[in-house]
Amino acid sequence: MASISSRRLAKELMEIKNDGCPVGIDLVKADDFSTWWFTIEVMGESLYPNEKFTLQFRFDQQYPISSPAVQFVVTDGREAPVHPHVYSNGHLIALILSCRYVHPFLGNEWSPVLSVVAVCVTLQSMLASCKEKQRPVDNDRYIKHAPENPKKASFPLNA
Amino acid sequence: MNSLTYVDPPNQNLVCCICRMPFVDPCTNKTCSHTFCRECIVQSLIRHSPQCPIDRSPLRMEDICPADPIVRSLVDELLVKCSNESAGCSYTCQRQLLDVHIKNDCLYTLVPCKDGCSQETHNSNCTGKYFKCEACETEHPCSARVEHASCCYAVRVRCPHEPHGCPWEGRRKDLPTHTSACPYEAIKGFFAIHDIQKAALNDENTLLKHKIDTLESQLRIAQFELHCAESALGPWFRNSRSRSIPPSSQLPTQLQPSSAFTSRPSISPTDVSITQYFPDMPVNDSYGPASYAPPEDELWASLPPAPERPELPSSMQSMSHPWIPNQNWQSNSYLPTGTRLNQNVVAPLNLNTTLEGTMEGLRESISVLSTSLDSLGRRSDIALTNETLRLNEEVMSLRVTMHGLRMQVHTIMMDRNAQVTGHGPGIEPLFMPPDGQWPSPIPNRLYAMQNAPPNSITKL
């Protein structure tokens, strides 16, 4: 499986380098097949004009069967967007990154056919469709007990 | 299988959506018909969720079945590089054949060394093992076996001019000595030119053979078309071909009797036996079949035109004379009557002339036929007009006679009426009505007519 994971990521990286990223998304670093960084910017009219956020992808050996661990980078002066689905430590509530099985019609959770770029585009549109800049209601409680890896956290499914 | 390098970028339709590589052991979902590698979809079902990764429809392990054979063939036939490429193997083959190559043929596959070298596994070209060259009796590494064979001085080689016939064979170290003495070496330049020329000739020969093949096939087509034309043209085909040959002298001599004969105007029909003459009647090629007239008419035509013909109907005799000599066809052939004309135009088809001649003849016969039809129509018109005039005259005379009769009857009737009514006492009626009166003059007249004496009728 290690081979599948790295070959799949190598393929995705080659496609990004050949075809480029979608508008507003840029590859910052992809030195290995465990951690990639992207910058993400909401294009057009939104609550986040001229704001650039940094996304961190962490892949395990099971990728793409298991989802990548995605979060906003909040170190080195970078900040997470203020959004009802983004905790202040950069963790996300997004079904697309959930590896748990829910009812098929309830949500678009992770699927092995998705790719890194597809996740970026989904998060970009999540920010673009934001109506109100606010933190999740349980932000403070979550931050206190949040694990380092967002995949290990237990999100409320319908958040 | 999962770490293969493909020679060409694979078709996107053959790429698994999960691993983004061409399918390995492709499997298709029965429920939604999506195709994945078996390993990928099994891992996704076990480790992720029991649904199709593409459309998220529920999916169980039992719903997975092997993909179509055509899909399997398409991915199995993709060209891949040998897995030992990094070790130096440059072999490429179809994916399905790679296992056999790696197992049996690849020199870079690591195998246990059977020759007692210290290494557990290494290339089959063991650098640790030496072989003894039989020719020079020195030892070399196994990996250099091919290299050594190409440079060993003791190995037996043949003269480089062997293809041209040099029989020399000896050790490689003796080759320079032989080369300096080899008679073939002296004309090396000639061989080079000769080889080039030979190759050119071979090429030309191949080209010519091809051309001959083409021409032969064209000839066959032409023959076939000729045969078709022959069968379509029928008897005229042979004639038109023989006409291209200069005509024999037999034909004009055959023509002689008829022209000589018909040119004699004063011959009488009794001098010639018609039945004897008819089968010998030759046909002039310049005439169409239509202009050919049966001999009876020609004989007749050769006679001076007689004013009275027994064949002419008596009713038409008087009117036909003024206009018949003015007709073209009549002046040509002197065929006076319609019945004669019909016999003339129906001549047998002349198979001895060309198709064009026959066509021309048929056309002429048609034109003659139309002319005669035209004259026939005109003649019948005139006959009809004459007959009508005559009938009109007869009707007129009958009408006059009828009028006279009517006048006489009228006179008689008037006399009778005068006798019955005006001079009644003079004549005793044979019958009196019961009332003693005559009801009206009309029944009285009828009665009188019925009782008219027979001698009064004779007055008419």
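When B:Leu208 is tested against (1) over 30 Å from B:Glu139 (Cα atoms); (2) modelled with pLDDT under 95, just one condition goes unmet, and that condition is (2). A count restricted to region B:1-16 and to residues that are touching a Cys at 6+ places or on another chain (Cβ under 8 Å) and facing another protein chain (nearest Cβ under 8 Å) stands at 1. Residue count for region A:67-88, restricted to those that are in contact with a Pro (Cβ under 8 Å, 6 or more places away or on another chain) and assigned to a loop (DSSP other than H, G, I, E, B): 3.
Residue-wise test of (1) away from chain B (no Cβ under 14 Å); (2) in contact (Cβ under 8 Å) with a residue 12 or more places away in the chain; (3) loosely packed, with under 15 Cβ neighbours inside 10 Å.
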site: A:Ser6; (1), (2), (3): no, yes, no
site: A:Lys17; (1), (2), (3): yes, no, yes
site: A:Trp36; (1), (2), (3): yes, yes, no
site: A:Asn50; (1), (2), (3): yes, no, yes
site: A:Pro68; (1), (2), (3): no, yes, no
site: A:Pro81; (1), (2), (3): yes, yes, no
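The conditions of being touching a Phe, Trp or Tyr at 6+ places or on another chain (Cβ under 9 Å) and either of a type outside the set (A, V, I, L, M, F, W, C) or part of a loop (DSSP other than H, G, I, E, B) (or both) are not met by A:Ser46. Scanning region B:25-58 for residues that are more than 55 Å from the chain's Cα centre (by Cα) and either charged (D, E, K, R) or more than 8 Å from every other protein chain (Cβ to nearest Cβ) (or both) yields B:Cys37, B:Arg38, B:Glu39, B:Ile41, B:Val42, B:Leu45, B:Ile46, B:Arg47, B:Cys52, B:Asp55, B:Arg56.
Residues that are within 14 Å of chain B (Cβ to nearest Cβ), within 28 Å of B:Leu45 (Cα to Cα) and either among the small types (Gly, Ala, Ser) or in a helix (DSSP H, G or I) (or both) do occur in region A:56-66.
Would you call B:Glu77 out of contact with any helix residue (DSSP H, G or I) (no Cβ under 8 Å at 6 or more places or on another chain), away from every other protein chain (no Cβ under 14 Å), open to solvent by 80 Å² or more (accessible area, probe 1.4 Å) and within 25 Å of A:Ser5 (Cα to Cα)? Here the answer is no, as B:Glu77 does not meet what is asked. For A:Asp76, the conditions (1) at pLDDT below 85; (2) more than 15 Å from the chain's Cα centre (by Cα); (3) under 27 Å from A:Glu45 (Cα atoms) are fulfilled apart from (3). Against the conditions (1) away from chain A (no Cβ under 14 Å); (2) surrounded by fewer than 14 Cβ atoms within 10 Å (Cβ to Cβ), B:Glu85 satisfies every one except (2).
The values are calculated or read from the model by the stated rules, or taken from the named source; none is laboratory data. Given the structure is predicted, the values throughout are model-derived calculations rather than measurements. We place every Cβ from the backbone using ideal geometry, glycine too, and count neighbours over all the protein chains shown. Accessible surface is based on the protein model in full, side chains and every heavy atom, while ligands, DNA and RNA are left aside. Shrake-Rupley method; radii C 1.70, N 1.55, O 1.52, S 1.80 Å.
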